[in-house]
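Visitor: Structure in structure tokens, see below.
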Amino acid sequence: MWNVDQAYIDGAFAQVHGTERVPVINPASEQIIGHVTLANRADATRAIEAAMRAQGTLASFSKAQRIEMLNALQQAVLSNSDQIRDSAIEEYGGVFARTQWVSQYAAQCFENSARLLERYEFVKKIGDASVIMEPIGVAALIAPWNSVAGTVCSKLASAIAAGCTSVIKPSELSPLQTQVLANALHQAGLPSGVYNILLGRGHEVGDELTRHPGISKISFTGSTSTGKNIARASVDTMKRVSLALSGKSAMVLLADADLATAIPLALNAAFMNNGQACVAGSRLLVPRARLDEVVRCVQACVKTMRVGDPRNPATVIGPAVSLVHYERVQGFIRRGLEQGATLVAGGEGRPEGLKRGYFVRPTVFANVSEDMDIAREEIFGPVLCIMAYDSLDQAIAMANRSDYGLQAYVFSNDLDMVQQVASRLEVGTVLVNRCTTELLAPFGGRKQSGVGREFGLSGMESFLEPKTVLAS
Ligand code: NAD
């Protein structure tokens, strides 16, 4: 049994002052596997004060010192990557291959920032001016449950490279992943207060972070509705805010696409992380003339996808994170049927043979129209909508007719056409015939998918403030 009741503040683990104790349930077995005691507002204040005390020291560190810290963090995460992977499998049912990749990528973030820092000039000459890129100040790094190590390490690497201390608040739904990650980061032996980690409710710990005048920057990843609350609450102290939010990504299959390669990629994009990915490709737009062929191919592929125990490396889709979320996804499937979409795979209830666990059947709807809930809202589960288009213009208009604009996918071998389509999609990232992103390139969303960019240079500069100095 796990018992998580400590926060990491000022370089040490300490019992939280909060008293709310919550069970942790393994979503694959529905068993209680531990308890977490959540931090409260007073704990958040202590963490902020520790980060404020360390800010001057970190800002004064040389590039070489920060690079050394990043290298130590990389090593610490790398040497704990199996435990990081296993905690994600146990806690939210992330499947083996995905959680393995995230645990590696978490370490890679520190290396990427170290290499970037080696080349980065903090003083730039622009006209007569010297422009000095200075750390913004203490940052709050707020993360969701669906990719704890990846999100936290990416943000922390950028913050440290820029010289900003931080208070990290992962989701209250991810205590095991947080505990394992905090233990790993502690092994890097960084100076006290450079980063602090605590778990707590959004309306309490999160709210304190967004309002406290000691916090200068918020780097948030989570839902659009929470992002809006954070933006509103942080305006009084005019914090700098980066928001990485929800998505409803379109996948545009062009007329020439080879279905044998495109459909497995599309299903991988749709069902990655059990469908619980901000970048999940949840709308597949196909030329009407190829609709029947696409549906047959999708049905055949879905049949081969193993749903079940996330510890088994052969499993492709694990459970939904919680019972509440399972029921929310079931509600979408029900509404898809009620609103007239055609079910071509999956449906309501658990997959055959699985009597326990919050497993959702990988579900595909065809004949989905743009006004249906399943076509408009982020479901965050393994549910794919297939929508037919009659012209490329219509496909692009459909892809763009969304409140969201995080990522899009294009499947085609016609590279000229791909370029044209990519240039017209209103999203932060376009992936062509692939499902993985580039960790050095800017990542973020347009429209209600976010504000600002993370990763690489953009990520680091989001923690810097330019100061212009002119002398006569
Ligand atoms: P969420 O918005 O419910 O919670 C995210 C974090 O915000 C948690 O740590 C939560 O405690 C905190 N929070 C909640 N209310 C707060 C408040 N008022 N002030 C400060 N913090 C508060 O999201 P979730 O359910 O944990 O994650 C799923 C969502 O995250 C999905 O919508 C998904 O698309 C999105 N997401 C986006 C990206 C991206 O890079 N764009 C990546 C992963 C997940």
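The values are calculated or read from the model by the stated rules, or taken from the named source; none is laboratory data. The structure displayed is predicted, hence computed values, not measured ones. No Cβ is skipped: glycine too gets one built from the backbone with ideal geometry, and neighbour counts run over all protein chains shown. Protein only, heavy atoms only, side chains kept; ligands, DNA and RNA dropped before computing areas. Shrake-Rupley method; radii C 1.70, N 1.55, O 1.52, S 1.80 Å.
Visitor: Of all accessible surface on the chain at a 1.4 Å probe, what whole percent is carbon and sulfur?
Guide: 51 percent
Visitor: Here's another thing I want to ask about it. Quick check for me: using +1 on Lys/Arg Cβ and -1 on Asp/Glu Cβ, what's the dipole size of the chain about its Cα centre, in debye to the nearest 20?
Guide: The dipole of the chain has a size of about 240 debye.
Visitor: Still on this structure, I have one more. Could you check the spin-label model distance between SER130 and THR436? Points 7 Å from the Cα along Cα→Cβ, value in nm.
Guide: Distance between the two pseudo-spin positions: 4.3 nm.
Visitor: Shifting gears a bit: Rolling a 1.4 angstrom probe over the protein chains, ignoring ligands and nucleic acids, what is the accessible area of SER423 in square angstrom, nearest 10?
Guide: 90 Å²
Visitor: On to the next question. Under 17 Å from the Cα of LYS447, which lysines turn up, not counting those fewer than eight places away in the same chain?
Guide: LYS228, LYS248
Visitor: Now, a different point. Per residue, how much accessible area does the chain show when a 1.4 Å probe rolls over the protein heavy atoms, in square angstrom?
Guide: Per residue, the chain has 39 Å² of solvent-accessible surface.
Visitor: For region 249-438, what is the convex hull volume of its Cα atoms per residue in Å³?
Guide: Output value, Cα hull per residue: 113 Å³.
Visitor: Express in whole angstrom the spacing between the alpha-carbon centres of region 242-314 and region 137-195.
Guide: 31 Å
Visitor: Turning to a different aspect of this structure: Is the C-alpha gyration tensor of region 307-414 telling us rounded, prolate or oblate? Criteria: a/c under 1.5 is rounded; beyond that, a/b larger than b/c is prolate, otherwise oblate.
Guide: Prolate, because a/c is 1.5 or more and a/b exceeds b/c.
Visitor: Can you give the helix-only mean residue ellipticity at 222 nm for the chain, where every DSSP H stretch with n ≥ 4 adds -39500 (n - 2.57) and the sum goes over all residues, rounded to the nearest 500 deg cm²/dmol?
Guide: Calculated at 222 nm, the ellipticity per residue is -12500 deg cm²/dmol.
Visitor: Please pull out the direction-averaged projected area of the chain, using the convex hull of its alpha-carbon atoms, in nm² to one decimal place.
Guide: That works out to 22.6 nm².
Visitor: Can you give me the angle between helix 415-424 and the longest principal axis of the chain, using Cα atoms only, in degrees from 0 to 90, rounded to the nearest 10?
Guide: On a 0 to 90 degree scale, this one is about 60.
Visitor: Any chance you could give the angle, 0 to 90 degrees and rounded to 10, that helix 96-119 forms with the longest Cα principal axis of the chain?
Guide: So the inclination is approximately 40 degrees.
Visitor: So how tilted is helix 81-92 from the main axis of the chain? Cα-based, degrees 0 to 90, rounded to 10.
Guide: Tilt relative to the chain: about 60 degrees.
Visitor: Taking every pair of alpha-carbon atoms in region 397-472, what share in percent sits in each 5 Å bin, from 0 to the bin with the longest distance?
Guide: The distribution over region 397-472 is 3, 14, 19, 20, 16, 10, 6, 4, 3, 2, 1, 0, given as percents.
Visitor: Considering only protein heavy atoms, what is the solvent-accessible area of MET238 at a probe of 1.4 Å, reported in Å² to the nearest 10?
Guide: 120 Å²
Visitor: To continue, here is another question. Between ALA289 and ILE33, what is the spin-label point distance in nm, taking each point 7 Å from the Cα along the Cα→C-beta axis?
Guide: About 5.0 nm, to one decimal.
Visitor: Accessible area, 1.4 Å probe, largest first: how do HIS186, HIS325, HIS17, HIS203 sort?
Guide: HIS203, HIS17, HIS186, HIS325
Visitor: If you don't mind, another one. Cα to Cα, under 12 Å, and not fewer than 8 places away if on the same chain: which aspartates and glutamates meet these conditions relative to LYS155?
Guide: Within reach: GLU454, GLU461.
Visitor: By how many nm would the segment from LYS228 to ASP390 grow when fully extended, if each residue of separation counts as 0.36 nm and the alpha-carbon distance is taken off?
Guide: Answer, rounded to one decimal: 54.7 nm.
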